[in-house]
1. Leaving out ligands, DNA and RNA but keeping every protein chain, what accessible area does residue A:108 have, in Å² rounded to the nearest 10, with a 1.4 Å probe?
2. Suppose a student asked you for the relative contact order of chain B, using Cα pairs under 8 Å spaced at least 6 residues apart; what percent would you report?
3. Using +1 on the beta carbon of Lys and Arg, -1 on that of Asp and Glu, and nothing else charged, what's the dipole of the protein assembly as shown about the Cα centre, debye to 20?
4. With a 1.4 Å probe and all protein chains in place, put A:71, A:83 in order of accessible area, largest first.
5. State the antiparallel share, in %, of DSSP beta bridges confined to the protein assembly as shown, rounding to the nearest 5.
6. Restricted to Cα positions, what overall size does the range B:14-113 have along the principal axes? Three whole-Å values, descending.
7. Per-residue mean of other chain beta-carbon atoms within 10 angstrom of the beta-carbon, peptide B:102-109?
8. Over chain A, calculate the relative contact order: mean separation of alpha carbon pairs under 8 Å at least 6 apart, over the residue count, as a percent.
Amino acid sequence: DGGITQSPKYLFRKEGQNVTLSCEQNLNHDAMYWYRQDPGQGLRLIYYSQIVNDFQKGDIAEGYSVSREKKESFPLTVTSAQKNPTAFYLCATRAGSYGYTFGSGTRLTVV
Amino acid sequence: DQQVKQNSPSLSVQEGRISILNCDYTNSMFDYFLWYKKYPAEGPTFLISISSIKDKNEDGRFTVFLNKSAKHLSLHIVPSQPGDSAVYFCAKASGAGSYQLTFGKGTKLSVIP
């Protein structure tokens, strides 16, 4: 059964710590995306990757980093430089032109 | 500058009636629009799309209308059902190459039984 797995569902982080959010897909899609959702803000693009070993910054990349060492995985690291990291993070893949598939998300809370 | 605007944060509709969700956009060379539905603590799911060469696309209870002169699109849900209660996002595709989507802020639809 193909899909996108984001783990964990809920994540708590202390201020000043880095944390990595996992995104794994078995859809064999080349392109992968990370979005952030805040209340009343819609979805904003953090980073995206169209091919292995290549990625580009989105609209709000500051304080985040990614890697794309294999097709199936696109982890997102929220660094201590991200001033307001508490949010709902969504990973997505794309097949063809505009066929985005989203994961179920990770809720990150800074405590 | 918001490329995609959903000016109504929320909408309440009686079950069985029509729900109309609106979206305004700034123009680009190539326009392709999508509507996504999202439940709390879940990822968005694709609902319906329309390209700029059309002015209407229909899929069951869902119809999207595109008014290019007004730079406006709308999603009609008829008849509305309680299970339609969710946040609806309008999204616009960027030009060819990156296939990036720019999302509006969403409209929360509540269908009242």
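The values are calculated or read from the model by the stated rules, or taken from the named source; none is laboratory data. Bear in mind the structure is a predicted one, so any value in this text is a computation, not a measurement. Note that we place each Cβ from the backbone using ideal geometry, even for glycine, and neighbour counts take in every protein chain shown. Just so you know, the surface numbers come from the protein's heavy atoms only, side chains and all, with ligands and any DNA or RNA stripped out. Shrake-Rupley method; radii C 1.70, N 1.55, O 1.52, S 1.80 Å.
1. 0 Å²
2. Dividing the mean separation by the residue count of chain B yields 37 percent.
3. In total the dipole reaches around 320 debye.
4. A:83, A:71
5. Details: 72 of 81 bridges.
In the protein assembly as shown, approximately 90 percent of DSSP beta bridges are antiparallel ones.
6. Taking max minus min along each principal axis of the Cα atoms, the range B:14-113 gives 42, 29, 20 Å.
7. Working: counts 5, 7, 2, 8, 6, 0, 1, 0.
For this peptide, the per-residue mean of nearby foreign Cβ atoms is 4.
8. On the way: 281 pairs, mean separation 38.5, N = 111.
It rounds to 35 percent for chain A.
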